Amino acid sequence: QVQLVESGGGLVQAGDSLRVSCTASGRTLNSYTMAWFRQAPGKEREFVAGISRVDSSTVYADSAKGRFTIFRDNAKSTVYLQMSSLKPGDTAVYHCAAGRIDDPRGSYDYWGQGTQVTVSS
């Protein structure tokens with residue numbers, strides 16, 4: 001079992017940067033492939049970025065490539081999403097997820113409650 005808690009969300013202006021964090025308790029973080037998803041009002045939840053438990057290789061959604069970076073600090077049991085050049089379209093609740101999978105494109109079993117990111121124009 002693992003519990004995930006996100007933090008770092010907030011209100012920023014377009015073009016700004018923001019880093020959100022996800023801290024895990026229970027099993028060690030390196031046992032899991034980790035990911036960030038987001039969900040905006042009236043829209044389905046979408047995959048943003050993932051990082052493998054095997055070699056920390058990463059996968060990004062097209063909307064995130066070149067702007068977002070996912071990385072992990074296993075010693076701190078924390079995974080981060082560094083977001084730059086933020087756009088109003090990035091506004092969403094950002095959820096952290098964990099899975100006992102090798103490929104970040106797989107199915108995730110554990111979810112955090114989310115942290116709100118709002119980007120104003």
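The values are calculated or read from the model by the stated rules, or taken from the named source; none is laboratory data. Worth saying up front: this structure is predicted, and the values here are computed from it rather than measured. Here the Cβ positions follow ideal geometry from the backbone for every residue, glycine too, while neighbour counts run over all protein chains shown. Please note that ligands, DNA and RNA were not included when accessible areas were found on the heavy atoms of the full protein model with its side chains. Shrake-Rupley method; radii C 1.70, N 1.55, O 1.52, S 1.80 Å.
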Sum of side-chain charges, Gly9 neighbourhood, beta-carbon under 15 Å (Lys, Arg +1; Asp, Glu -1): -1
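Under the Kirkwood approximation for Rh and a Cα-based Rg, what ratio Rg/Rh is obtained for the stretch 48-108?
When Rh is taken as the Kirkwood radius, the ratio is 0.96.
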Point-charge dipole on Cβ atoms (K/R +1, D/E -1) for the stretch 1-52, about Cα centre, debye to 20: 100 debye
Assigned charges on the beta-carbon of Lys, Arg, Asp, Glu; the stretch 59-121 dipole about Cα centre (debye): 140 debye
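Roll a 1.4 Å probe over the protein chains and send me the accessible area per residue for the stretch 16-60 in Å². Show your work: numbers first, answer last.
Working: 2280 Å² over 45 residues.
With all protein chains present, the stretch 16-60 gives 51 Å² per residue.
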Unit charges on C-beta of K, R, D, E only; dipole of the chain, Debye: 80 debye
25 Å Cα-Cα reach of Lys65 towards lysines, excluding residues that sit fewer than 8 places from it in its own chain: Lys43, Lys87
Environment charge of Ala61, counting only residues whose C-beta is closer than 14 Å and scoring Lys/Arg +1, Asp/Glu -1: +3
Pair Arg100, Asp55: separation of 7 Å Cα→Cβ label points (nm): 2.4 nm
Bins of 10 Å, starting at 0 and running to the largest distance - Cα pair percent for the stretch 1-48: 19, 44, 30, 7
Accessible area of Tyr60 in the full protein assembly, 1.4 Å probe (Å², nearest 10): 50 Å²
Separation of alpha-carbon centers, the stretch 6-30 and the stretch 56-121, rounded to whole Å: 8 Å
